[in-house]
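The values are calculated or read from the model by the stated rules, or taken from the named source; none is laboratory data. A quick note: this is a predicted structure, and the numbers were derived from the prediction, not measured. Note that each Cβ is placed from the backbone with ideal geometry, even for glycine, and that neighbours are counted across all protein chains shown. Note: accessible area is taken over every heavy atom of the protein model, side chains too, but ligands, DNA and RNA are not part of it. Shrake-Rupley method; radii C 1.70, N 1.55, O 1.52, S 1.80 Å.
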Amino acid sequence: MNDAPGTRAEDVLEARLDRAKMPTALRWGRNALAFAVSTVSGGAGDDLLPGLDLVVSRRDTGAEVLRVRAGQFEEAGHLLEHTWRDLATMTVEEFVRSWRLIDE
């Protein structure tokens, strides 16, 4: 990232949650397995669902600079809030160093 030193991270980057990236067959399989386990156990299959990814992208181009597994809804929500706080309080350099983003 070639942004001016000291630039606030939230001015350059944005964070969101997306459906976890995985092959369609695997997604269907995990959904079916989660449904079957949930039906038998009364809801215990949620951990088998595909879940969500945390995605950080550049505001100017939309290019993804970070995509990590964020877990299910509650866990993913906490991670997203933490990321938003970091974006609001860190410079781009600090955010990159903290999250260990590497230019490709």
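All but one of (1) more than 18 Å from Arg8 (Cα to Cα); (2) open to solvent by less than 80 Å² (accessible area, probe 1.4 Å); (3) assigned to a helix (DSSP H, G or I) hold for Glu75; which doesn't?
Among (1) more than 18 Å from Arg8 (Cα to Cα); (2) open to solvent by less than 80 Å² (accessible area, probe 1.4 Å); (3) assigned to a helix (DSSP H, G or I), the lone unmet condition for Glu75 is (2).
When you check Leu33 against the structure, is it loosely packed, with under 12 Cβ neighbours inside 10 Å and modelled with pLDDT under 95, yes or no?
Answer is no for this residue.
State all residues of region 88-104 that are open to solvent by 100 Å² or more (accessible area, probe 1.4 Å), at pLDDT below 95 and in a helix (DSSP H, G or I); if no residue qualifies, say none.
Taking region 88-104 first, the residues open to solvent by 100 Å² or more (accessible area, probe 1.4 Å) are 89, 97, 100, 102-104.
With the extra rule that they be at pLDDT below 95, the set shrinks to 97, 100, 102-104.
The answer is Arg97, and nothing else.
Would you call Asp60 over 11 Å from the mean Cα position of the chain (by Cα), open to solvent by less than 80 Å² (accessible area, probe 1.4 Å) and at pLDDT 90 or above? Step through it out loud before you land on a result.
Working: over 11 Å from the mean Cα position of the chain (by Cα): yes; open to solvent by less than 80 Å² (accessible area, probe 1.4 Å): no; at pLDDT 90 or above: yes.
Judged against the criteria, Asp60 is not a match.
Which one of these is outside any helix (DSSP H, G or I), over 14 Å from Asp11 (Cβ atoms) and open to solvent by 50 Å² or more (accessible area, probe 1.4 Å): Arg85, Arg67? Talk me through it step by step, then tell me what you get.
Details: Arg85 fails: outside any helix (DSSP H, G or I).
Of Arg85, Arg67, the one residue that is outside any helix (DSSP H, G or I), over 14 Å from Asp11 (Cβ atoms) and open to solvent by 50 Å² or more (accessible area, probe 1.4 Å) is Arg67.
If I filter region 74-88 down to residues being in contact (Cβ under 8 Å) with a residue 12 or more places away in the chain and more than 11 Å from the chain's Cα centre (by Cα), which single residue comes out as nearest to Asp18 (Cα to Cα)?
Among residues in region 74-88 that are in contact (Cβ under 8 Å) with a residue 12 or more places away in the chain and more than 11 Å from the chain's Cα centre (by Cα), the one nearest to Asp18 (Cα to Cα) is Trp84.
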